[in-house]
Amino acid sequence: MGNQPRIVLGVCGGIAAYKSAELCRRLVEGGASVAPVMTEDAHRFLGEVTLSALATEAVRTSLWDEREPIPHTRLGQWADLVLVAPATARLIGAYAAGLSHDLLTATLLATRAPVVLCPAMHTEMWEHPAVQDNMALLRQRGVGVVEPGTGRLAGGDVGPGRLADLDEILRAVSVTLETAGAGAGRDGAAQDLAGQRLVITAGGTREPLDPVRFLGNRSSGKQGHALAEEAASRGGNVTLVTTADRPVAAGIRVMKVETAGEMERAVLSLAEEADVVVMAAAVADFRPKAPVDRKLKRADGVPEIVLEPTPDILAALGERKGHGQLLVGFAAETPEGSDEMRHEALAKLRRKRLDLVVANDVLAPGAGFGHDTNAVLLLDAGGGERAVPLTDKREVARVVIDTVVEMMSRRGRDAETKGRQQ
Ligand code: CTP
């Protein structure tokens, strides 16, 4: 973590509150200053003494503590990050609606620091449309979310809703602090995307066959998420349209989708306002023509699945490309050699009217789907070429974003020269 980040740790009243003691300890051990804020209900599950013995700052619970007349604004300004673990349905609902009935909700509204929520509740509550709609709204506002895991819940039930693993929460904390720290120019990272709006897609789409089965692919979303993090750390205003349940740094707006159809709707409407669109998602080319709304049973016999093509989102973006918009596509290939990959990728670049294509051989060792590393070939519409040998996906993201920035500034210079000549 480094640099003694200041973290407000919000704790709500749910059984997972006991895990926030361990979370607090590990944050402090990692070098953070931690100021816990407990809701009234959190006290039913966890003693204040426990948290105060582990934290570096005093535990706060009330807006009406006389020694500090306006604790919520102080805490909000003090924090580099506000982390809420566990976040209950009530807290999520209040935050989405902009309500501030206690110190924690008031701090959430009073802060400009990134916010990461770690929801934990019973499956029925987590899956309730009200909670899911509130979560979608918060993700779109750039609130970081560490998705709950699936497992044993209070009372012995099993299902999604359990507080995410602490390792995963700590990873989201450090990614968010890194991204925000770079955004504030603290580690000297270039802010060469400041003021630019980027739409980035990630993950493989899932096309339903019935309520429990889908046609999918092996994409993990790692490359697209790395691109979003790299772009955000360089000052870009990033919306990530993703199918992947991966932690995302707070500050990146997230739209979660599942199918090619949902991704198409999200991307086409967002693209109208975007300076750069990067389609890193592995979008299915075909989907079941008539998904059924009840589970296909073995006793019904082997189903005949008829497929239909999905919309080609990237081609539609190429057709509507606004003036000055930069369009980046990916080309997942299984070529015989690098010439064939170049040939296929350039054909995609022309066919879909792209400015840049990032080609990768998905069968090469260590590259492509599911790996932490990738090896790519960047080809631009001006004939430029750049090969990135096997390296981690964040480094690949850095080179892709470098290339995008170079292309944008080249365009800016060309437009200026043209203007002077007229
Ligand atoms: N893509 C898309 N919509 C689709 C399929 C692909 O927007 N329905 C995008 C991907 O996000 C990627 C690019 O198109 O940026 C290339 O995807 P790829 O699957 O490699 O190519 P296809 O166009 O599907 O061509 P082919 O399957 O013939 O290689």
Exercise for review: Take Ala271 and decide whether it is within 23 Å of Ser409 (Cβ to Cβ), within 16 Å of the ligand (Cβ to nearest atom), touching a Lys or Arg at 6+ places or on another chain (Cβ under 9 Å) and small (Gly, Ala, Ser).
Suggested key: yes
Review point. Scanning the stretch 274-295 for residues that are under 21 Å from Ala331 (Cα atoms) and surrounded by fewer than 16 Cβ atoms within 10 Å (Cβ to Cβ), which turns out farthest from the ligand (Cβ to nearest atom)?
Key: Phe286
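Results for (1) modelled with pLDDT of 95 or more; (2) crowded, with 16+ Cβ neighbours inside 10 Å; (3) within 30 Å of Gly14 (Cβ to Cβ), shown as yes or no for each residue.
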site: Gly183; (1), (2), (3): no, yes, no
site: Leu198; (1), (2), (3): yes, yes, no
site: Thr205; (1), (2), (3): yes, yes, no
site: Leu209; (1), (2), (3): yes, yes, no
site: Phe214; (1), (2), (3): yes, yes, no
site: Ala231; (1), (2), (3): yes, yes, no
site: Ala250; (1), (2), (3): no, yes, yes
Revision key, fill the gap. Picking from Val399, Val404, Val362, Val358, the residue that is at pLDDT 95 or above and over 20 Å from Gly318 (Cβ atoms) would be Val399
Exercise for review: Among the residues of the stretch 117-165, write down those that are assigned to a strand (DSSP E or B), of a type in the set (A, V, I, L, M, F, W, C) and surrounded by fewer than 19 Cβ atoms within 10 Å (Cβ to Cβ).
Suggested key: Val158
Revision key, fill the gap. The condition of being over 24 Å from the mean Cα position of the chain (by Cα) and among the acidic types (Asp, Glu) holds, among Asp245, Asp275, Asp285, Asp300, only for Asp300
Check your understanding: Here is a list of conditions, (1) within 15 Å of the ligand (Cβ to nearest atom); (2) in a loop (DSSP other than H, G, I, E, B); (3) surrounded by 12 or more Cβ atoms within 10 Å (Cβ to Cβ), and Pro303 meets all of them except one; can you say which number that is?
Key -> (1)
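Yes/no per residue for (1) modelled with pLDDT under 95; (2) acidic (Asp, Glu):
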site	(1), (2)
Val115	no, no
Cys118	no, no
Met125	no, no
Gln132	no, no
Ala136	no, no
Leu153	yes, no
Glu168	yes, yes
Leu177	yes, no
Ala180	yes, no
Review point. Which number in (1) more than 16 Å from the ligand (Cβ to nearest atom); (2) charged (D, E, K, R); (3) more than 22 Å from Asn217 (Cα to Cα) marks the one condition that Asp372 misses?
Key: (3)
Review point. Just for the stretch 321-341: of the residues that are more than 13 Å from the ligand (Cβ to nearest atom) and touching a residue at least 40 places away in the same chain (Cβ under 8 Å), which one is surrounded by the most Cβ atoms within 10 Å (Cβ to Cβ)?
Key: Leu326
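The values are calculated or read from the model by the stated rules, or taken from the named source; none is laboratory data. What you are looking at is a predicted structure, and each value in this text was computed from that prediction instead of being measured. A quick note on method: Cβ atoms are made from the backbone with ideal geometry, for glycine too, and the neighbour counts reach across all protein chains shown.
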